[in-house]
Amino acid sequence: MQKLRIALIGYGKMGQELDAVARERGHEIFLKLDSERDWLNSIDQFMQADMAIDFSIPEKAVDNIHKCFDAGVPVVVGTTGWYLHLNEVINWCLTQQQSLFYAPNFSIGMNIMFMLNEKLAGLSAKFNYELSIKEIHHIHKKDLPSGTAIRLADEIIKAAPQYERWTVEPPKGKSELFIDAAREGDITGLHQVFAFSEEDVISLTHEAYSRKGFARGAIMAAEFLYGRKGVFTMKDLLGQL
């Protein structure tokens, strides 16, 4: 496996976990960027990176991606809350022949749940199940609902024709998929999908015990992205495992 020189963009709790996991897997964290001053002081050094991993804040994510493209540095993005600009960013990446790996959730377990969610959503319409989503995160998480919850909801809407949109408000009709989102304490991440019928309830649950699972997935994504051009997601990574 190629040893990577990794630049971390954002060095909060997740950045610290990435630092530890990267070193466990034999990579070098040679640069940490956590402010505009860091960027100004380290841009020449940044251009020597094999890979950047961004777990910063939604307001900075698109700008950070652009800086990576300008420097010719492949980037793995775990920040969420910027996906309104996703098509624009994908076009930048492809036009400039750069490398981007993005995911709302890098946990291998959560991505298995995404697969199960698609199957459940597809069957729900056939057997008259009503679906809903619940997610809880720590009080410091800025986006609500989470990018992971939105991904679950979008998959349900795509597979279950009875739903047209999702909402975090009480649904106004059966065409609205409810996401019950809360910010409590220091909860790393809890996501649940419920399918209700008159006879029973089905539930899918993923609970992250720590940030290490996200960090491990992000480092694996960096290993996957190295040497590749284009736009990739966890489906591409899981297909290689």
Next on the checklist: Below 12 angstrom from the Cβ of Ser210, what's the summed charge of the other residues (Lys, Arg +1; Asp, Glu -1)?
Outcome noted: +1
Next on the checklist: What's the ranking of 20-32, 38-50 by average number of surrounding C-beta atoms within 10 Å, highest first?
Outcome noted: 20-32, 38-50
Item to check | Qualifying trypsin sites (Lys or Arg not before Pro) in the stretch 126-223, DSSP loop, other Cβ atoms within 10 Å at most 16 | outcome: Lys126, Lys142, Lys172, Lys174
Item to check | In the stretch 92-182, GluC sites (Glu not before Pro) in a DSSP loop with at most 14 other beta-carbon atoms within 10 Å | outcome: Glu164
Checklist entry - What spacing in nm lies between the two simple spin-label points modelled at Glu198 and Asp44, each 7 Å away from Cα in the Cβ direction? => result 7.5
Checklist entry - When the chain is fully extended, how far beyond the present Cα-Cα distance does Gln2 get from Lys174, taking 0.36 nm per residue of separation? => result 56.9 nm
Checklist entry - Pairing the Cα long axis of helix 36-46 with the longest principal axis of the chain, what angle in degrees results, from 0 to 90 and rounded to the nearest 10? => result 60
Next on the checklist: With 16 Å as the cut-off, how large is the P(r) tail for the stretch 1-121, expressed as percent of Cα-Cα pairs?
Outcome noted: 63
Checklist outcome for this item: Computed over the Cα atoms of the stretch 120-175, the Rg and Dmax in Å are 12.3, 39
Checklist entry - Charges only on Cβ, +1 for Lys and Arg, -1 for Asp and Glu: so what's the dipole of the chain about the Cα centre, in debye to the nearest 20? => result 480
Checklist entry - Dipole of the chain (Lys/Arg Cβ +1, Asp/Glu Cβ -1, origin at the Cα centre): which of Pro170, Val75, Leu144 lies farthest to the positive side? => result Val75
Next on the checklist: I'd like the distance separating the alpha-carbon centroids of the stretch 112-169 and the stretch 171-214, in whole Å.
Outcome noted: 8
Checklist entry - By DSSP, what percent of the beta bridges with both residues in the chain are antiparallel, rounded to the nearest 5? => result 35
Checklist outcome for this item: Per the rule of 0.36 nm per residue minus the C-alpha distance, extending Glu88 to Met115 adds in nm 7.1 nm
Next on the checklist: Against the 2.2 N^0.38 Å scaling, with N counting residues, where does the stretch 174-241 land? I'd like the Cα-based Rg ratio to two decimal places.
Outcome noted: 1.56
Item to check | Between 0 and 90°, nearest 10: helix 108-124 axis offset from the chain longest Cα axis | outcome: 30
Item to check | Compactness index (Cα Rg / 2.2 N^0.38 Å), the stretch 38-93 | outcome: 1.09
Next on the checklist: Just to be sure I follow: if Rg is taken over the C-alpha atoms of the chain and Rh is the Kirkwood radius over the same atoms, what is Rg/Rh?
Outcome noted: 1.00
Item to check | Calculated P(r) tail over 17 Å for the stretch 108-208, as whole % of Cα pairs | outcome: 48
Item to check | Per-selection Rg to Rh, the stretch 147-198 - Cα, Kirkwood hydrodynamic radius | outcome: 0.99
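Read the figures in this text as sums done on the coordinates, not as results from a lab. Values in this document were obtained by computation on a predicted structure and should not be read as measured data. Please note: Cβ atoms are built from the backbone with ideal geometry, for glycine as well, and neighbour counts cover all protein chains shown.
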